[in-house]
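Reading through the structure tokens given below for one structure.
The values are calculated or read from the model by the stated rules, or taken from the named source; none is laboratory data. What you see is a predicted model; the values in this text were computed from it and never measured. Methodologically, a virtual Cβ is constructed for each residue, glycine included, from the backbone with ideal geometry; neighbour enumeration extends over all protein chains shown. Remember, those area values only see protein heavy atoms, side chains included, never the ligands or the DNA or RNA. Shrake-Rupley method; radii C 1.70, N 1.55, O 1.52, S 1.80 Å.
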Amino acid sequence: MGVHISLCKNDTVCRDFSIFGGFRETKTVNPNFSFSIFNCADTLPVAWDAIAKKNTFLSRPYLALLEKASPDNMQCHFIGLFNNGELCGIALAQYVNLSRINTFVEEKKSFCLKDYIFRKFSSHILVIGNNTLTGQNAYLLDDGIPETEALSLFRKALQQMARDYRKKCIYINLLAIKDFNREELPDFKAAGFKGYYEFCTQPNMIFDIRENWNTIDDYLADLNTKYRTQYNRARKKAEGIEKRKLTAAEIRAQETRIHELYLTVAGNASFNTFHLPKNHFEVFKEELKDDFLFYGYFLDGKLVGFNTLIKNGTDMDTYFLGYDDTIQKEKMLYLNMLYDMAGYAIKKGFKHVVFARSAMEIKSSVGARAEQVYGMIKHTNPFVNLFMARLFPYFDPKVEWKERSPFK
């Protein structure tokens, strides 16, 4: 744990010192509030998990795991907010270096103007939030700090981290905070987010489990004829596919094939900010144990697909998946995976399945609803930032899709 010392010079300025994070200057309306930045999950305050209990994805065990198995172009940081030295808020921040990966699908061509511009002006990003997940996994607060005060401190923490990176000759291009639905969207303006552009990206697809659903048959009974037929057709197409839950040892044995299948799906995405390391799923299974589920799909003994799930309280979060393109369409593998994930959550009594972004239409056909997510972003170059309202839509992939209504 970092040693946290507040040296108050006057009513508005405090300097916070962590032996792991160095001096942090915090300007705040209330001098009782301060922040510290931790650069290693092992140094987080003991009280961290008392606040994180509402969200697995902000717990110390998960953050340590994410740090251990993070993509090569990503580095995690952790922000603690304090009220008179008592921890009252926590957040995850990530530095992402987009110059180290293939960001846009178009770059597979000989030259991609969009990718060139992005790499030149926006490749170094600091974000409060989790870039590997969709949803509000950015921060949690207790009753010891007002949200506006907390957001103001998070904003200052972003600025401090940008200064720290500058000392290492890494110049941050973008500062951001994500993902919030409309009800969760706090008052950033009141917290001093001047010059930040509010953006809305592809929606988070949420599958709500009705109280009368105890088995997959209950779910099927509520589908209209068209989508019940879709379900039966998908199941028939999948004949010959064996689905099996894999252990950490089995994941390790299939590591190369799993990574190949994962990259197939990642390569189909219009925009990538990272690629997972080969051992990512093995590490997650070893550390999270039964809270992390890895299902392999086999055809004639060969792994042709996989999906992963993470338990988070009453929610089941779908994680990454992969499949063989030559098998996927014929066997309707992706659609069958969605049904399998929904069926597991129904059987185990979860309230929601978080299907995340991408493939909105097919997820909608299973019964997921679209939940808009919002964030704030700012370019550190004041001149470039003036055009953020025009630049962001240019780089944000637009996906046309039709919402489906599968229920009676």
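Key figures for this structure:
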| item | result |
| --- | --- |
| Qualifying position, being surrounded by 15 or more Cβ atoms within 10 Å (Cβ to Cβ), touching a residue at least 24 places away in the same chain (Cβ under 8 Å), within 30 Å of VAL373 (Cα to Cα) and touching a Leu at 6+ places or on another chain (Cβ under 8 Å), among TYR197, TYR227, TYR231, TYR219 | TYR231 |
| Sole residue being closer than 30 Å to LEU87 by Cβ and surrounded by fewer than 17 Cβ atoms within 10 Å (Cβ to Cβ), chosen from GLU184, GLU149 | GLU184 |
| Test result for VAL384, of a type in the set (A, V, I, L, M) and within 23 Å of LEU321 (Cβ to Cβ) | no |
| Residue satisfying all of: in the range 152-181; over 18 Å from PHE35 (Cα atoms) and basic (Lys, Arg); most open to solvent (accessible area, probe 1.4 Å) among these | LYS167 |
| One residue from LYS363, LYS408, LYS398 being free of Cβ contacts under 8 Å to residues at least 40 places away in the same chain and either under 17 Å from ARG210 (Cα atoms) or not assigned by the TED database to the domain that holds ARG182 (or both) | LYS398 |
| Identity of the residue in the range 45-80, basic (Lys, Arg) and in contact with a helix residue (DSSP H, G or I) (Cβ under 7 Å, 6 or more places away or on another chain), that ends up farthest from VAL96 (Cα to Cα) | ARG60 |
| Complete set of residues in the range 225-253 that are closer than 26 Å to ARG357 by Cβ and not in a helix (DSSP H, G or I) | ALA238, ILE241, LYS243, LYS245, LEU246 |
| Single condition THR326 does not satisfy, out of (1) farther than 27 Å from LEU98 by Cα; (2) in contact with a helix residue (DSSP H, G or I) (Cβ under 7 Å, 6 or more places away or on another chain); (3) open to solvent by 30 Å² or more (accessible area, probe 1.4 Å); (4) among the β-branched types (Val, Ile, Thr) | (2) |
| Residue that is of a type outside the set (A, V, I, L, M), surrounded by fewer than 16 Cβ atoms within 10 Å (Cβ to Cβ) and touching a residue at least 24 places away in the same chain (Cβ under 8 Å), where the choices are LYS236, LYS243 | LYS243 |
| Single match in ASP317, ASP340, ASP324 (criterion: under 15 Å from TYR62 (Cβ atoms), touching a residue at least 40 places away in the same chain (Cβ under 8 Å) and in contact with a strand residue (DSSP E or B) (Cβ under 9 Å, 6 or more places away or on another chain)) | ASP317 |
| Search result, residues across the range 220-265 that are more than 14 Å from TYR334 (Cα to Cα) and either β-branched (Val, Ile, Thr) or at pLDDT below 95 (or both) | THR225, THR229, THR247, ILE251, THR256, ILE258, LEU263 |
| Verdict on LYS289 being at positive phi and basic (Lys, Arg) | yes |
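Residue-wise test of (1) surrounded by fewer than 21 Cβ atoms within 10 Å (Cβ to Cβ); (2) under 20 Å from GLY135 (Cβ atoms); (3) in contact with a His (Cβ under 6 Å, 6 or more places away or on another chain); (4) modelled with pLDDT of 95 or more.
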| site | (1), (2), (3), (4) |
| --- | --- |
| ALA269 | yes, yes, no, no |
| ASP290 | yes, no, no, yes |
| LEU299 | yes, no, no, yes |
| MET316 | no, yes, no, yes |
| GLY343 | yes, no, no, yes |
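Residues are listed down the side, and each one gets a yes or a no for (1) part of a loop (DSSP other than H, G, I, E, B); (2) in the same structural domain as ASP317 (by the TED database); (3) modelled with pLDDT of 95 or more:
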{"residue": "PRO71", "(1), (2), (3)": "yes, no, no"}
{"residue": "HIS77", "(1), (2), (3)": "no, no, yes"}
{"residue": "ILE90", "(1), (2), (3)": "no, no, yes"}
{"residue": "GLU107", "(1), (2), (3)": "no, no, no"}
{"residue": "LYS114", "(1), (2), (3)": "no, no, no"}
{"residue": "PHE121", "(1), (2), (3)": "no, no, no"}
{"residue": "THR148", "(1), (2), (3)": "no, no, no"}
{"residue": "MET161", "(1), (2), (3)": "no, no, yes"}
{"residue": "TYR165", "(1), (2), (3)": "no, no, yes"}
